[in-house]
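To start, the structure itself, in structure tokens.
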């Protein structure tokens, strides 16, 4: 009767502890994911800060400084949200640990009480249950064996209870240590939260002051931006011609070789689509399957101008038309290929160097390079260095213009690069 009650109560305790432990593991996984996300944001804030500090030293970099500052404010706001999420997760984790610790305390109290009763009864009945007399008074060897087995089971049961008590005490101690660690981590996070809020407030004030200063010379800035756009259009035409020439050359080559190559739609000839061999189609498919996972063309950068047509964020009178994205970088930053492929063009146009890399029917364009370490026809691998970012002489800043094409159509690079 005593053993069955013991087993039943312990089954309930083990079920409760196991359930809380399962929830605790789930909470820990959530907390770990939040920490990874926070670490990524923290790295991005550090990278952007280095670029921001660089632009602050330059009086002619006001527009780029404002763009980087806007990016940094967004990063910091996201980081504060991540901190809030991690603090909430820690609070949940601590609450679960406290519940689990209390459940273990109750389990320990029962085991101690049960063990005390067991020891007391054994002591109380020690004369009646003298082991040697009990064994020798057996009627036969069968009864002797059963009585000996009873004592063995009894001894094992006592030993098991002692081990359970010790294991539970150890587990309670571990939970207490974990709870204290969570409390310490929460304090650290709250301190970081205050620092981030303070930095965010300063950056917002700096942004407002810089915006007001730029408004005073909006006409001058509008003229400068329009001039840059005209220069960019010339570069856009050069890039377009280079890509169209590559498509034409590839199609002519495959036709001349009487190849069975086709476009992605199965056609054998097209003026706007590249005819590909089986190997090129496989590469193209591999590139497409990595949408949203491609590495950035510069390891440390801040996106300061996005893809598409939109009013300039700081000079609303000017409409931006961007075939790619623009990335502010540190001085001498290394530019790298975002995927394996073949260099089809290395252009030197109006003082800027451009590298075009083919990935099947996809092409990536790297513009505003100061130096180039590859040549036409070279095979490149993912993240392979292809050159360095050039200095913008008018603003004394460093920017990379990056584009992504599918045949003759522009794609938004932001949708393809890793989040």
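The values are calculated or read from the model by the stated rules, or taken from the named source; none is laboratory data. Computed from a predicted model, the values in this text were never measured in an experiment. Quick reminder, even Gly has a Cβ in these numbers, built from the backbone with ideal geometry, and neighbours come from all protein chains shown.
Summary table
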quantity	calculated
Residue in segment 251-271 that is touching a helix residue (DSSP H, G or I) at 6+ places or on another chain (Cβ under 6 Å) and modelled with pLDDT under 85 present	yes
Number of positions in segment 203-222 that are part of a helix (DSSP H, G or I) and exposed (fewer than 13 other Cβ atoms within 10 Å of the Cβ)	8
Residue check, residue 302 closer than 24 Å to residue 207 by Cα, in contact with a strand residue (DSSP E or B) (Cβ under 9 Å, 6 or more places away or on another chain) and not in a loop (DSSP other than H, G, I, E, B)	yes
Options 389, 355, 380, 338: the member that is surrounded by 19 or more Cβ atoms within 10 Å (Cβ to Cβ), under 21 Å from residue 248 (Cα atoms) and in the same structural domain as residue 301 (by TED's automatic domain parsing)	355
Qualifying residue in segment 311-324 (condition: outside any strand (DSSP E or B), more than 24 Å from residue 235 (Cβ to Cβ) and modelled with pLDDT of 85 or more)	no
Whichever residue in segment 100-118 is closer than 18 Å to residue 174 by Cβ and surrounded by 16 or more Cβ atoms within 10 Å (Cβ to Cβ) and, among such residues, is nearest to the chain's Cα centre (by Cα)	100
